[in-house]
1. Given the Cα-Cα distance of Thr81 and Lys145 and 0.36 nm per residue of separation, how much length would full extension add, in nm?
2. In angstroms, what radius of gyration and Dmax does the chain have, counting Cα atoms only?
3. I'd like to know how the stretch 69-131 sits against the 2.2 N^0.38 Å rule of thumb: what's its Cα Rg over that expected value?
4. Taking R0 as 41 Å, what's the FRET efficiency between Asn178 and Asn201 from their Cβ-Cβ distance, rounded to 0.05?
5. How big is the accessible area of Met19 in square angstrom, nearest 10, if you roll a 1.4 angstrom probe over the protein chains?
6. Label points 7 Å out from Cα along the Cβ direction at Glu259 and Leu283: separation in nm?
7. At 1.4 Å probe size, put Ile202, Ile245 in order of accessible surface, largest to smallest.
8. With 19 Å as the cut-off, how large is the P(r) tail for the stretch 1-96, expressed as percent of Cα-Cα pairs?
Amino acid sequence: MNWIKQGHIYAPSGMLDWMYHYAAQVCPVEFSDFIRVYFTTRSKLNDEGNYETKITFVDCDKNDPSKVIYVHDLPLLSLGTPGTFDEHGTMACEIIFHNNTYCLYYIGWQRSTTVPYINTIGLATSKDGINFNKVSEGPIIGVSKDNPYGVAKSSILIENGMFHMWYGHYTPWIQSENSFKPTYNIRYATSLDGISWEFKNICIPSSKNKAVATPCVRKINDIYHMWYGYRAEVDENGKSGPYKIGYATSFDKINWDLEKDQIDISETGWDSEMICYPNILKLKDQMLLFYSGNNYGKTGFGYAKTNLK
C-alpha cells in the first residue's frame, strides 16, 4: 500500500487544564456528514507532578479530514472512584458500532508504587456517540492468570456473531537504574458478547525486551491486515528507540506474516521523531491511516491515505 501523508490535524492548545496537551490513541469513526476522531488527552500536571488522561473527540470534514469543524470540550467518561481500575485515567482503545450502539473499549489505569502504572480494559456504550455510560465499575478484562501484568490497546472485529480481539499483552517489565519500562506482545482473544473473553494465541511475539503493541486490524479482500506499533529494545540505561508503525498480514487471524513497513517518520515536524497508535478508517475507495506523532502524541495526530483500487 502506498501511503501518502496528508499532514497534521489536531493538538490541544493548552486552554483547558484537563485537555492540556497530547492527542493519542486515536479512533476514527465515520458519521453521515463528518469523521469523528476520538482520542486520549493529558491534563496539566498537578502539585504532586502527576497527570490524568481522559477521552474526548474532534469532528473533521469528511472530504478533507485535515479541517477540524468541531472540538468537544468535555471528557466522555468520568474517572473511577479511588481504588477502581480507571481512577487515574481513561484511554481510547477501539470504537465499534454494534446493535445500533457505539461500544467504546477503553483502557483504565492506576498508578503503582513499583511499576509506573497498571492497565486494564473497560467498556462504555452510547446511542449518539457522545453520551457514554460505563457498563461496569470494574474492568471487563483485568489482571488475571492470562494477563498477569495487564492489558494494553486493543482492536476488535465482529464476524458471524463472534467478537475477535487483538490486544497488547504486557510481559515482564524491564528494570533500569531509575525506572521500569513496559514490554508487550500482541495476543488474540474471542468473545460471544464482547464482554467475556477467551484468551488464545500470541500473534506477534516480542523478542528479548522489544515491545510490539497497539494493533489495528482490518479485513480487506479476505485478508486480515494489521498495523501496529513497535519499539526497539531497552538498553542498560532504560533508554529505547522511538515507536514506529509496523505491518503484518494473515489469512486466519492467528498466524501473521510480518511485512515491510509502509510508513515512516518525516524528516521534520510533528511526526519526525515518532509515529504511533495507528488506526485505519475505510472510506469508500480509500483508506485513511490516523496516527499520533512525537512523544506519544504530545504533538497531536494527523493522517495519511491510500487508494484501495
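The values are calculated or read from the model by the stated rules, or taken from the named source; none is laboratory data. Here the structure is a predicted model, which means the values were calculated and not measured. So basically every Cβ, Gly included, is an ideal-geometry build from the backbone, and we count neighbours across all protein chains shown. Accessible surface areas use protein heavy atoms only, side chains included; no ligands, DNA or RNA. Shrake-Rupley method; radii C 1.70, N 1.55, O 1.52, S 1.80 Å.
1. Net length gain for the segment: 20.5 nm.
2. Spelled out, the Cα radius of gyration and Dmax of the chain are 18.1, 53 Å.
3. Normalised Cα radius of gyration, the stretch 69-131: 1.26.
4. E(calc), rounded to 0.05, equals 0.70.
5. Met19 exposes around 10 Å² with every protein chain in place.
6. Each label point lies 7 Å from its Cα, and together they span 2.1 nm.
7. Heavy-atom accessible area, descending, gives Ile202, Ile245.
8. When all Cα pairs of the stretch 1-96 are counted, 46 percent exceed 19 Å.
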